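Here's the structure, in structure tokens; my notes come after.
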Amino acid sequence: MEGGDLLMLKYEIEVLKNLYHPNIVRLYEVYDDDSSIFMVMEKCEGRELFEEIRSRVTFNEREAALVTKQILQAIAYCHERGVVHRDLKPENILLDTSKEARGSIKVIDFGTASVFRKDDKS
């Protein structure tokens, strides 16, 4: 990685270090050396919300409401902490399809996120 990509990755790491919410992917640790950056993250099972929607014939109202509520809770948490995701789309939301956590979501990919101060009017 060079230049802009490396800068975006480091920015994403800084954003994720400060987010602790059940519906946001968790960054546990970061290790780096001269040639690599290793991010130890929460294991997420399932698939992108986009793929789940495409594979189904129907997505009932109860399931849609559950997913929507979790997305809104995660985004409200981010906004309370001065973080704007800026790339929220079904491809950046993982849907857990395991039996024990079926329907639980994780918001991922904070590479284009922005941090703001609450008193900032611009």
Give Asp119, Asp109 a once-over and let me know the one that is acidic (Asp, Glu) and touching a His at 6+ places or on another chain (Cβ under 9 Å). Asp109
Give just the number: which of (1) touching a Gly at 6+ places or on another chain (Cβ under 8 Å); (2) at pLDDT 95 or above does Leu9 not satisfy? (2)
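The values are calculated or read from the model by the stated rules, or taken from the named source; none is laboratory data. These figures come from a predicted structure and were not determined experimentally. Heads up, the Cβs are rebuilt from the backbone with ideal geometry, glycines too, and the neighbour counts pull from every protein chain shown.
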